[in-house]
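For reference, the structure is listed below as structure tokens.
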Amino acid sequence: MASNDQTELNKAEKSVIEQESDSEFEEENEDWDDWGEDDDNDGGENDKPFMCLFLDSQFSSCSELFEHCRLAHKFDFDGIRKELGLDFYGSFKLINYVRSQVAENRCWSCGLACQSHQDIQNHVHETVKLKDIKPLWDDDKYLKPFMQDDPLLYSFNEDEEGEDNHMTLDDQEELMRDLRNIDEMCIEDTDTLEKSAHGYGVNGAKEVASTSSSHENVGNSSKMEMVNGDSEERVGSSDGKPSDKHSKVSLMNLVDKDIKKANANYFGAYSSFGIHREMISDKVRMDAYSQAILKNPSLMTGAVVMDVGCGTGILSLFAAKTGASRVIAIEASEKMASVATQIAKENGLWRCTEGNNQYTGVMEVVQGMVEEIDKSIQIKPHSVDVLLSEWMGYCLLYETMLSSVLFARDKWLKPGGAILPDTASIYAAGFGKGGTSLPFWEEVYGFNMSCVGKELVQDAAKFPIVDVVDEKDLVTDAVLLQTFDLATMKPDEVDFTASIELEPKSICLANNSTELTSKTTWCYGVVLWFDTGFTPRFCKETPSVLSTSPYTPKTHWSQTIFTFLEPIAMAPGKPYVDKSAAVGTDACPASRIHLRISIARAVEHHRSIDISIETSGVDLDGRKRCWPVQIFNLS
């Protein structure tokens, strides 16, 4: 058996020598290869060679590479995976760990530090007690590819069949596409990375499950949400295009609970620039914040400003431009903190007096969760004049970012200091048939496909929908559900229960008066949206409002739709009704719909929110009909 292994080793070493001897020929033909690749779009990454984990040798397949590593370097990748039961992510980390150790001339298994690269190659031995050394690479930092565009990371799992993998092939391919873009997305700043090396978190407020400021962590769970008339595994616009901010988080919801933490850390560290472009391109959002910051000089000039969840740092840049004396930008994402630092430097606004580099601006970026930044920076309690944050999520409270803002307010904001925005309100209105997918399916190139629409509406009663609702599709007047005073509210007031009544929409007459119609309308559900206010309490020169209402230009928040178990007939003053008929039917329309709505932070997934809706219809005589309570989860 030993002689056979030696023969195989000789063959493997001969293969390496032959490959290295051909390198000069390959270099001479490199230009021709590049020219050929331009003509063949099917080449690309799949044709890239696989680099040995220990040498500069190249191989044409994963199996060939791993066989070489087993024989020449005593590294049995497949055997290690099998013995330790490593899943996809554990194997991914192992590859990056080994590459990182070899680069430091350190033995990946025993930890011996060698003097040279040749010494580490000569230090070959069998691996023992694998379970004891497994914790060495069981660190989320090894989810970051060590070698730029390493094709081995995208291919080591592709030949496996019949395994009980947690992820489908399509899911793995989607993740691989994200991983291939990591280095293109990453802008690393040395100062910021040095802070992160001391163990500060990379996820938390405004991480991958965020919809605000960094908008990384919005759920696109096939369990939780659905788009009208579109795939059940998308949340996005009514035209069927999935929203960029959901593209990565949808993958996280497909894997088991034991992988979710690693996924959250990973995507929290490497968020997509497309998410930030979406937010910065939101004119309603940017106009409200820029007006509040740039057009209130009496508030901002000379102020110490804190920006919680700064993302690219755009709000901090506004504050610095307006004349703030110091701007503390806090960002949980390691990558985005580095990006914000780079942007501040390039715009001459970075503040740093350490080392030889002297930056005389006013803006500094702190990487970490706001609840934990004491580890990296000392800020005097109650020393901040203005607290900024774009914390709002879908249905206002998704992501529960508000709790972090209130934490910062209570710890650092001066008594009487300003918080922007300082008010937030949630509104509700009933929507009709036009707010569902029914009209689309009722006439498709002359054919009636309403059976599809009806099924979709039934399914929609189980899941919240994030989409844009046209004001013409609202069948009731809007009512205020809940309001928050961010300057005074307590953290436990984020969760709430409120009761409202929806009444049929008033008709505006030519003389600007209104009247109610006795015509029966059908209410298919309730839609929620929010406004945030930058009120004259703090913005004395120029107050502003950010509204996500159906009556105003659309925003990237859209609205949040909750469909009833069945449509409810409404008519305010229909004189002839069937008293024996059920309230809310065409024979006995409801004059109003009573709703009791509760919104609370989810227990299992703290970035999610649970919404319960208790619905009852009331007719003119006070007769009431109640429907079963509906429980929704926005995740």
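The values are calculated or read from the model by the stated rules, or taken from the named source; none is laboratory data. None of the values given here were measured: they were computed from a predicted structure. Heads up, the Cβs are rebuilt from the backbone with ideal geometry, glycines too, and the neighbour counts pull from every protein chain shown.
Only strands (runs of 3 or more DSSP E) whose full extent lies in the stretch 385-481 are considered here, and the ones with at least 2 residues that are surrounded by 16 or more Cβ atoms within 10 Å (Cβ to Cβ), β-branched (Val, Ile, Thr) and under 27 Å from the mean Cα position of the chain (by Cα) are 423-431, 465-467. Before we move on, is residue 81 outside any loop (DSSP other than H, G, I, E, B), at pLDDT 85 or above and touching a Ser or Thr at 6+ places or on another chain (Cβ under 6 Å)? Answer is yes for this residue.
Per-residue answers, yes or no, for (1) outside the structural domain of residue 333 (by the TED database); (2) at pLDDT below 85; (3) touching a His at 6+ places or on another chain (Cβ under 7 Å):
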residue	(1), (2), (3)
74	yes, no, yes
91	yes, no, no
94	yes, no, no
117	yes, yes, no
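Collect the residues in the stretch 308-345 that are over 27 Å from the mean Cα position of the chain (by Cα) and surrounded by fewer than 24 Cβ atoms within 10 Å (Cβ to Cβ), keeping them in residue-number order. Hits for the stretch 308-345 are 321, 322, 323, 325, 326. Looking at the stretch 557-570, can you tell me whether even one residue there is in contact (Cβ under 8 Å) with a residue 24 or more places away in the chain, of a type outside the set (Phe, Trp, Tyr), more than 27 Å from residue 596 (Cα to Cα) and in contact with a Ser or Thr (Cβ under 7 Å, 6 or more places away or on another chain)? No, the conditions are met nowhere in the stretch 557-570. Scanning the stretch 124-146 for residues that are outside any loop (DSSP other than H, G, I, E, B) and surrounded by fewer than 15 Cβ atoms within 10 Å (Cβ to Cβ) yields 130, 131, 132, 135. Every listed requirement among (1) surrounded by fewer than 21 Cβ atoms within 10 Å (Cβ to Cβ); (2) over 30 Å from residue 557 (Cα atoms); (3) among the β-branched types (Val, Ile, Thr) is met by residue 362 save one, (1). Among the residues of the stretch 588-609, those identified as in a loop (DSSP other than H, G, I, E, B) and modelled with pLDDT under 90 are 602, 603, 604, 605, 606, 607, 608.
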